[in-house]
Structures are given as structure tokens and as C-alpha cells.
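Okay, so here's the structure we're looking at.
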Amino acid sequence: MAAPSGPPAGAAGRLLRRLAWRLGLCLAATFTAYVLASISFDPLAELRGQQPPPPQAVIDAQAQRLGLDDPVPQRFLGWLAGVPHGDFGETVTGQEIGDELWRRCGTSVRLFLAGSLLAIVLGVAIGLWNALRDGRPSDRMSLFASLIILAVPVFVLGTVLKMLWLPLNEAAGTQLLYFSAETTPGADHTGWAAIGDRLRHLALPTLAIALPQAAFYSRYQRAAMLDVLGSDFLRAARAKGLRHRQAVLRHGVRIALIPMVTLFAFTFGLHLTGGVFTERVFGWNGMGDWLLRGIQDEDANIVASVTLFIAVLVVLAGMLADGVLALLDPRIRRAGP
């Protein structure tokens, strides 16, 4: 007799429904950003403010090129129709958005992926360690340090990291780590030299992104682990002959990570948008820096493109979280439709 296929099919259907729901939210977020930007922006303001002012025919031609005479929903649908083909429209200055979007997308992904992974590793490790040493001086010192880091704005933290590292560069007599840009301007590095150059530019902004996230995650991981340490199933594991350390490592850590996976996924977008200041402080020409420029230029297409990029990353993070949760929690794998 063939094995029943209900649960896997139900799990697949559930994942597809979640994906459809998240894509709908992604579209709604992009539409909201486009509408708000279109209503509040006036891309013709700079043109009208020129001295001497240009002829009205020039202003009308620019308005027609930007489609400002059309209703906002119609303009959004026209912009959205080109997205599946890689056409994200033009900036208010007439430049294609697509090429610039992919270049800046790669820059931001490299920076925030490194920072987020480091934050997760540090946050989980510190949170677990503090939970196992609850109430001891090291736990209290970690709480105090995390509160200080969380209270410091990102742009201040980035500046502090620069100031702290500057004496080390001076003492070494060479540039151990760089403070700005993604690579050394004008340098013709290849192979391992190019990788080393990128890593030396990446180190400080990665720390600026990772430290606040790690401080945030560590407090939640500590609380989740403390709940597990007092649970019945962990006492049952010890009653079966496992030592405390074995019970914690085999069962406790896995259960304590389950709520953290969801937290990682839902805070990823917040940290990504908050990294705008990190890119500005360290001179990285990524999506955050581009978003600020789009707002300054009153460009709705740039704002919508960056919003769509962030929304897609959040959707991908949510899908990855679903997969990790299925690995950590067998009940999810066995769940029906």
C-alpha cells in the first residue's frame, strides 16, 4: 500500500499560501511607498526654481516624460509592468534605474549579509552563555554593555569605531582597516589582494551593523534559554540519565532557537533600513545611500525600487526562516494543511 502523501502535500500547500501572502504584502508595501512618494514629491520643483526660469513648454515636456499628468495608480501600474522584464523606469534626470539598482543591490547585500550573520552568531552565543550564568557578574556586565550599545545611534557608533581604530592604524604604521568606500579608489588589485582589500573595507561597517543587532538578539536569546532551562522536558531528559550539559546541548539549545528564528526574519528588514546611516558614515554606495538621494531628488521611481528590493529580501528571509523552523521543530514537518 502506498504511503499517505497528505502531510507533505499539506506542508507544500501551506508554504505556497504563505509565499502568495508575502508576495502580496511585498506588492502592497511597494504600492504604498510609490503613492506616498508621488503625492509628497514635486520632481519639477528644481526645474521651476532655475534662474532664469525655463519656458513653460520645457516644464510641460518634463512633466509628460515623467507621466505626472496621469493618475498615480496608473503611473504605478506602468512602472510595475516593466519590473518583471528588469525595467525599473528612469530617474527624474533621465537615467536608467536598472543598472544602478543591481550594482547597489550587490553592495548592500554584501554589507548587510555579513553584518547580520555576525550579529546572529554573536547574539545567540552571548545569550546562551548569559542564560547559563544567570545572575552572575558576567551576566550583569553583558546586560549593561548591551543596553549601552542599544542606546547609541548607529551613526554615532560608526564614528566611535573609526576613532577607536585610528590609533591602531597609526601604531602599526599602515592602513590595517579602511574607514570609507567599498574598495580602495584607484587600486588595481586582483585575486587574493582584491579580496583582502575588500575585507579591510568591510570590517568596520560590518561591526557597526552587527553590534546593535547582537546586543538586541542576546537579550531575547537569554530569555528564551531561561524558559527552556526551567521546562519539564529538560528535567525529563536529565531523569533519563543525561547530564545537565548534555541535556542542554542536545535538546535545550534547539528549542531555545525556535522563537529566535522568527525574530531574525522579522527584524531583518528593520535592520536593513536602519543601515542607511551605516552606508553614509562609511561611504558605501548601497541601496540605503541611494534611497536618501532619491528622497532628496524627489524621485518616486527610486523610492519604489528600493522598497521593492527591501520587501523581496524580507520575503526571502521569511522563507528561509520557515525552512529552518521545520528543521528545528518536528511538529512543523508533521503538520497537516
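Rule-based calculations on the coordinates, nothing more; no lab input. The shown structure was predicted, so the numbers you read here are calculated from the model rather than taken from an experiment. Cβ placement follows ideal geometry from the backbone for every residue including glycine, while neighbour counts extend to all protein chains displayed.
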Next item on the list: For percent of Cα pairs over 34 Å apart, several values are listed as (i) 43; (ii) 30; (iii) 37; flag the one computed from this structure.
Entry: (i)
Next item on the list: Taking amide H positions as placed in the peptide plane 1.01 Å from N, state which residues far from Asn285 in sequence (5 or more) or on other chains have amide H under 5 Å from it.
Entry: Glu182
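Please give the direction-averaged projected area of the C-alpha convex hull for the range 100-149, in square nanometres with one decimal. All intermediate terms of the calculation are to be shown ahead of the outcome.
Values: hull surface 16.3 nm².
Projected area, direction-averaged: 4.1 nm².
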Item checked: Overall Cα dimensions of the range 193-242, principal axis frame, Å, largest first -> 55, 23, 8
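Using square roots of five times the C-alpha gyration tensor eigenvalues, list the equivalent-ellipsoid semi-axes of the range 232-296 in whole Å, biggest first. Each step should come with its number before you reach the end.
On the way: eigenvalues 423, 24, 6 Å².
They are 46, 11, 6 Å, listed largest first.
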Check: Against the longest alpha carbon principal axis of the chain, how many degrees, from 0 to 90 and to the nearest 10, is the axis of helix 72-82 turned?
Finding: 70 degrees
Next item on the list: Return the distance in nm (one decimal) between the two label points of a simple spin-label model at Met319 and Ala145, each offset 7 Å from Cα along Cα→Cβ.
Entry: 3.8 nm
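Obtain the radius of gyration and the Kirkwood radius of the range 13-102 from its C-alpha atoms and give Rg over Rh. List each step's numbers first, then the result.
Working: Rg = 16.7 Å, Rh = 15.3 Å.
Here the Rg-to-Rh quotient is 1.09.
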Notebook entry, point to check: For the range 88-159 and the range 192-219, what is the separation of their Cα centres, given in Å?
Noted result: 8 Å
Next item on the list: Return the sequence-ordered ³J(HN,Hα) values of the range 149-161 in whole Hz as given by the Karplus equation 6.51 cos²θ - 1.76 cosθ + 1.60 applied to θ = phi - 60°, using x for Gly and Pro.
Entry: 4, 5, 7, 8, x, 4, 5, 6, 4, x, 5, 5, 4
Check: Okay, helix-only estimate at 222 nm for the chain: each DSSP H run of n ≥ 4 adds -39500 (n - 2.57), divide by all residues, round to 500 deg cm²/dmol; what do you get?
Finding: -25500 deg cm²/dmol
Item checked: Contour minus Cα-Cα distance for Val109 and Leu19 (0.36 nm per residue) -> 30.2 nm
Check: What list of ³J(HN,Hα) couplings, whole Hz, do you get for the range 242-258 from phi and the Karplus terms 6.51, -1.76, 1.60, once you set θ to phi - 60° and write x for glycine and proline?
Finding: 6, 6, 4, 5, 5, 5, 5, 6, 7, 10, x, 5, 4, 5, 5, 7, 4
Margin query: Compute the distance from the alpha-carbon center of the range 251-312 to that of the range 60-87, in whole Å.
Written below: 25 Å
Margin query: Based on the alpha carbons, how large is the Rg to Rh ratio for the range 24-168 when Rh follows Kirkwood?
Written below: 1.18
Check: How large is the charge dipole for the chain, taken about the Cα centre, if only the Cβ atoms of Lys, Arg (+1) and Asp, Glu (-1) carry charge, to the nearest 20 debye?
Finding: 2560 debye
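Pairs of Cα atoms under 8 Å, at least six residues apart: use those to get the relative contact order of the range 37-190, whole percent.
8 percent
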Check: Hey, what do the phi angles of the range 26-33 turn into as Karplus ³J(HN,Hα) couplings, whole Hz, using 6.51/-1.76/1.60 and θ = phi - 60°, x for Gly and Pro?
Finding: 4, 5, 5, 5, 5, 4, 4, 5
Next item on the list: Quick one: among Thr267, Thr174, Thr107, which has the greatest mean-square fluctuation in a GNM of the chain with alpha-carbon springs under 10 angstrom?
Entry: Thr174
Note to self: Restricted to Cα positions, what overall size does the range 238-337 have along the principal axes? Three whole-Å values, descending.
What the structure shows: 66, 37, 13
